[in-house]
Amino acid sequence: MLGRVEKKYGVVVVGGGPAGLGAALGARDYGEDKVLILDREPEAGGILLQCIHSGFGLHYFKEELTGPEYAQRFIEKVIDHDVDILPASYVSRIAADSDGIKKVRIINEKRGILTVEAQAVVLAMGCRERTRGAVRIPGTRPSGILTAGLAQKFVNLMGYLPGKKIAILGSGDIGLIMARRLSLEGCEVVGVFELMPYSNGLSRNVVQCLNDFNIPLHLSNTVAAIHGRDRVEKITVAPVGKDLKPDLARAWDVPCDTLLISIGLIPENELTQNLGISLDVATGGPRVSSTLETSMPGVFACGNVLHVHDLVDFVTNESLLAGRFAAELSRGVRRPGDNIQLLPGENVRYCVPHTLNPGHKHTVYLRCKAPMKPCKIRVGNLIEKKLRFVFPAEMIMLKLKPDLLDKFHGDSLRIDILPLAKEERND
Ligand SMILES: Cc1cc2nc3c(=O)[nH]c(=O)nc-3n(C[C@H](O)[C@H](O)[C@H](O)COP(=O)(O)OP(=O)(O)OC[C@H]3O[C@@H](n4cnc5c(N)ncnc54)[C@H](O)[C@@H]3O)c2cc1C
C-alpha cells in the first residue's frame, strides 16, 4: 500500500523524545528484539534537548537533572539494548493492511522515501505550541512575536537572543521558564500576562522563575493589541472580566520589542487522524484502553501526543508500559478487552486511559477544570482520596489497586473532584 517494504520490525516507535525512548525500552524489556525509533530531528531526545534548566527526573531517578542529561540516560540505554534509531526521518503516513500489519512511510534526509513494516506501532510524536493565530490577537504583524518554545530553541541551542525587552502572554511552564532564562541572559522581562485568575504553570515555576526574579505576573489580563511596523514597539494589555473578554476601557500600553506566546500545547495528531483513530476532544489525543492501545488495534500512544504532561517522569512511566503492551501484541499475546468506561465527572477535564478492566493495577492521569482546595477525588462509589488542592496546571496521578474494580459491576465509572465538607476537613 505504501510501496516496497525495506525492513520488518516487531515494534516501530514514531518519535524519539522521552516517550519514544521509554516505549522502545519497554518493548525491548518485554523481549521484542526488533524495535525501531524514528524521529524527524537529527538526534533523539525530543523537546528535552532544548530544556537546559534542571528539574527533570526528580520522581524517576530521585535526582535533579537537566533535560539533555535526562534524555542522554535513555539514549544510552536504548543503544545498549540494540534498538535501531533512524534520525532525520519524518513519518508521513501509517497504513494498516487487512491482516493488521502496519506500513510506516518515512521521508529520510539521505535515503529518500522508504517504507518499514511493523506488527505494532507506538505513537510518541509529542505536541506543538499554540500560536498567535489560535487566539487572534488584533494589531499589526511586525517581527518579534514568537512562541516561548521557539525562543527557547533560539537561546539554548542556537545562541540567539529573540529581543531585549520581553513581554510574555500566558503563564504556562515554557513561558515561565523563558522569563527566567531571558532575565539571566540580561533581557528585561516586563511582565507575564495571564488570561485566567490563576497561573497555568507549576507552582514551583511561578516561585523560581518569576518571584525570585521580581517579574510581575498579571493574572486576569490579556494582550488586546500588538503595535509596531517592522518590529514590535508595544502591546496593549487589558484586564478581563468573568466572561474572559478584555475590558478596553481599562487597557494600558506596555513598551517592549518582543512578545513571547505561551498559551498551551496541541498534541501532534495528524498521523493519528489519518489512521481514522478516535480522538478525545478534551486531551486532543487519541482515546486509549488500559493497555494504551488506540481505537486501531496494534497502534499504541504515550507521552504528550496522548495528553500534555507537566513532568517527564510521568511520560517515562507511561511509555515504558505502552512499549511493553506493543511488544505483547507483536508477539501474539492478546489481553481481554476492557469492560469499564471511565467518565470525567464534576470538575474533571479529562482522564486517561479512557477504559479499564478488573484484576489489574491501573494508573489514571487526570486534570481538573478549575482550582479547588481542600477537596477529594471520588472514583464511583469505590474510593475517595482527600487532596490539599488541585490546579489545572498540575496533573493528578491516581493509582488503582488490582482488586478495586472486582467489586464493581457497572459498565461506566465516574471520577469527580468535589469540595470537602466542613466536617471532613479535620480528619
Ligand atoms: C519548555 C519546557 C520545559 C519543561 N520543563 C520540564 C521540567 O522542568 N521537568 C519535567 O519533568 N518536565 C518538563 N517538561 C515536560 C517534558 O519535557 C515533556 O513532558 C516531554 O518532553 C514530552 O515527551 P514526548 O516524547 O511526549 O514529546 P517530545 O519531547 O516533544 O518528543 C516528540 C518527538 O517526536 C518527533 N516527531 C513528531 N512528529 C514526528 C513525525 N511525524 N515523524 C518523526 N518524528 C516526529 C519530534 O521530532 C520529537 O523529537 C518541559 C517541557 C517543555 C516544552
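Results, tabulated for the structure shown:
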item: Number of the exception - residue 270 against (1) free of Cβ contacts under 8 Å to residues at least 24 places away in the same chain; (2) in contact with a Gly (Cβ under 8 Å, 6 or more places away or on another chain); (3) over 30 Å from residue 412 (Cβ atoms); result: (2)
item: Output for the range 146-155, where each listed residue is buried (at least 18 other Cβ atoms within 10 Å of the Cβ) and not hydroxyl-bearing (Ser, Thr, Tyr); result: 146, 148, 149, 151, 152, 155
item: Scan of the range 34-59 for residues that are of a type in the set (Val, Ile, Thr) and more than 8 Å from the ligand (Cβ to nearest atom), ordered by number; result: 35, 37, 52
item: Search result, residues across the range 241-295 that are touching a helix residue (DSSP H, G or I) at 6+ places or on another chain (Cβ under 7 Å) and among the acidic types (Asp, Glu); result: 268, 293
item: Index of the failed condition, residue 31 passing every other in (1) on the phi > 0 side of the Ramachandran plot; (2) within 8 Å of the ligand (Cβ to nearest atom); (3) open to solvent by 10 Å² or more (accessible area, probe 1.4 Å); result: (2)
item: Subset of the range 294-326 that is away from the ligand (no atom under 15 Å from the Cβ) and open to solvent by 20 Å² or more (accessible area, probe 1.4 Å) - its residue that is farthest from residue 32 (Cα to Cα); result: 295
item: Meets criteria (within 16 Å of the ligand (Cβ to nearest atom), open to solvent by 40 Å² or more (accessible area, probe 1.4 Å), over 30 Å from residue 23 (Cβ atoms) and over 25 Å from the mean Cα position of the chain (by Cα)) for residue 230; result: no
item: Qualifying positions in the range 399-427 - at pLDDT below 85 and assigned to a loop (DSSP other than H, G, I, E, B); result: 408, 409, 421, 425, 426, 427
item: Qualifying positions in the range 175-210 - in a helix (DSSP H, G or I) and hydroxyl-bearing (Ser, Thr, Tyr); result: 183, 203
item: Strands (runs of 3 or more DSSP E) contained in the range 71-168 and holding at least 3 residues farther than 30 Å from residue 7 by Cα and aromatic (Phe, Trp, Tyr); result: none
item: Test: residue in the range 65-73 that is of a type in the set (Ser, Thr, Tyr), in contact (Cβ under 8 Å) with a residue 24 or more places away in the chain and open to solvent by 80 Å² or more (accessible area, probe 1.4 Å); result: no
item: Residues satisfying the stated conditions in the range 40-57, i.e. of a type outside the set (D, E, K, R) and part of a loop (DSSP other than H, G, I, E, B); result: 42, 44, 45, 51, 52, 53, 57
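The values are calculated or read from the model by the stated rules, or taken from the named source; none is laboratory data. Note that the structure is a prediction, hence the values are computed from the model and not measured. Neighbour counts are summed over all protein chains in view; Cβ atoms, including those assigned to glycine, are modelled from backbone coordinates with ideal geometry. Please note that ligands, DNA and RNA were not included when accessible areas were found on the heavy atoms of the full protein model with its side chains. Shrake-Rupley method; radii C 1.70, N 1.55, O 1.52, S 1.80 Å.
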